[in-house]
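The values are calculated or read from the model by the stated rules, or taken from the named source; none is laboratory data. It should be emphasised that the depicted structure is a prediction, and the values quoted were computed from it without experimental measurement. All Cβ positions, even for glycine, are placed from backbone atoms using ideal geometry, and neighbour counts span all protein chains on display. The protein model used for the area step is the full one, side chains on, heavy atoms only, and it has no ligands, DNA or RNA in it. Shrake-Rupley method; radii C 1.70, N 1.55, O 1.52, S 1.80 Å.
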Amino acid sequence: MILVIVYDGGMAQAVVPVAGADKQMLSEQVYGRLRDAIMRGEHAPGTALKPQDLSREQGVSLAVVREALVRLVGDGLADRLHNRGFAVPACTDRRWQEVAEARRTIEPVLLRMSVERGDVDWEARVRAAHHRLARTRPYTEPGPHYGEEWSHAHRIFHRTLLEGCGNPVLLETFDRLWTASELARRWSGYRNPTRDHLGEHRLLEETALARDADAAAEALTRHLTLTATGLEDPADRASFRPESAG
């Protein structure tokens, strides 16, 4: 059993017990809301995520909030600080560059394998995934960060490119690195508003389907490097808030 705190005007008014499946559903809801808020830039890089404040804002117990924050740490969307609770990762964190280096090391190899091993069905999936990505608007509402629909199509395209390798273990590695880099990718995109994403993704599709492994690997390495470069000059924290965008 878990307790949900009901607030009124900032004051705790009642504690309502929630059991079993309801607890799990509540935890999923809080996790989803916090994840979306971080992705939208509502919590700036380096900002503390205080369980007490979040508990009050979400109207749930500290246990539910802490469970959600631990999941966010696992996703790379929050840091657990020694004796200081939790915080949104700072853009200057060396980890982002280490993740980027790992992706540049692994993903071009997987793409080469896909180009060599992929069959006609793989080609069809790559073309379909690119078509969906190219037709999806990056921004669905005012604000500096990519919309969820575009982010999903973006991930599907990149994963489909590599699926031709036929190695599920390597693809699991891709999945972990993608999740770990999602927040950094959105921040990088905000700092590079004139970046030619359409052209970069079109080149990836064309070189892969042309079975030009060297050109495809080079294009992917360049694509990943541009994302990492966007994190090298941090902007002021306040500029990451959606309401500050023109």
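Within the range 94-106, is there a residue that is in a helix (DSSP H, G or I) and farther than 30 Å from L81 by Cβ? Within the range 94-106, not a single residue is in a helix (DSSP H, G or I) and farther than 30 Å from L81 by Cβ.
Taking the criterion of being touching a Lys or Arg at 6+ places or on another chain (Cβ under 8 Å), open to solvent by 20 Å² or more (accessible area, probe 1.4 Å) and at pLDDT below 90, the only residue of the range 122-145 that qualifies is G143. Among the residues making up the range 159-177, a single one is open to solvent by less than 10 Å² (accessible area, probe 1.4 Å) and in contact (Cβ under 8 Å) with a residue 60 or more places away in the chain: F174.
The set of residues in the range 35-44 being open to solvent by 10 Å² or more (accessible area, probe 1.4 Å) and in contact with a Lys or Arg (Cβ under 8 Å, 6 or more places away or on another chain) consists of E42 alone. Within the range 45-76, which residues are surrounded by fewer than 20 Cβ atoms within 10 Å (Cβ to Cβ) and on the phi > 0 side of the Ramachandran plot? Once the filter is applied, which keeps residues that are surrounded by fewer than 20 Cβ atoms within 10 Å (Cβ to Cβ) and on the phi > 0 side of the Ramachandran plot, the range 45-76 yields G46, G59.
Results for (1) among the β-branched types (V, I, T); (2) open to solvent by 50 Å² or more (accessible area, probe 1.4 Å); (3) at pLDDT below 70, shown as yes or no for each residue.
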| residue | (1), (2), (3) |
| --- | --- |
| R202 | no, yes, no |
| E205 | no, no, no |
| L209 | no, no, no |
| L231 | no, no, yes |
| A235 | no, no, yes |
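Taking the range 107-121 as the range and being part of a helix (DSSP H, G or I) and either open to solvent by 70 Å² or more (accessible area, probe 1.4 Å) or modelled with pLDDT under 95 (or both) as the test, the residues that pass are V109, R112, E116, R117, V120, D121. For R66, the conditions (1) part of a helix (DSSP H, G or I); (2) charged (D, E, K, R); (3) free of Cβ contacts under 8 Å to residues at least 12 places away in the same chain; (4) in contact with a helix residue (DSSP H, G or I) (Cβ under 8 Å, 6 or more places away or on another chain) are fulfilled apart from (3). Based on this model, can you work out whether D79 counts as of a type in the set (D, E), farther than 30 Å from A210 by Cβ and either at pLDDT below 90 or open to solvent by 20 Å² or more (accessible area, probe 1.4 Å) (or both)? Taking the combined requirement at face value, the residue satisfies it.
Whenever a residue of the range 113-139 is at negative phi, its partners that are acidic (D, E) and modelled with pLDDT under 95, lying with C-beta atoms within less than 9 angstrom and at least six residues away or across chains, give the pairs T136/E149; R137/E149. Please work out if T221 is part of a helix (DSSP H, G or I), open to solvent by 10 Å² or more (accessible area, probe 1.4 Å), modelled with pLDDT of 95 or more and of a type in the set (S, T, Y). Judged against the criteria, T221 is a match.
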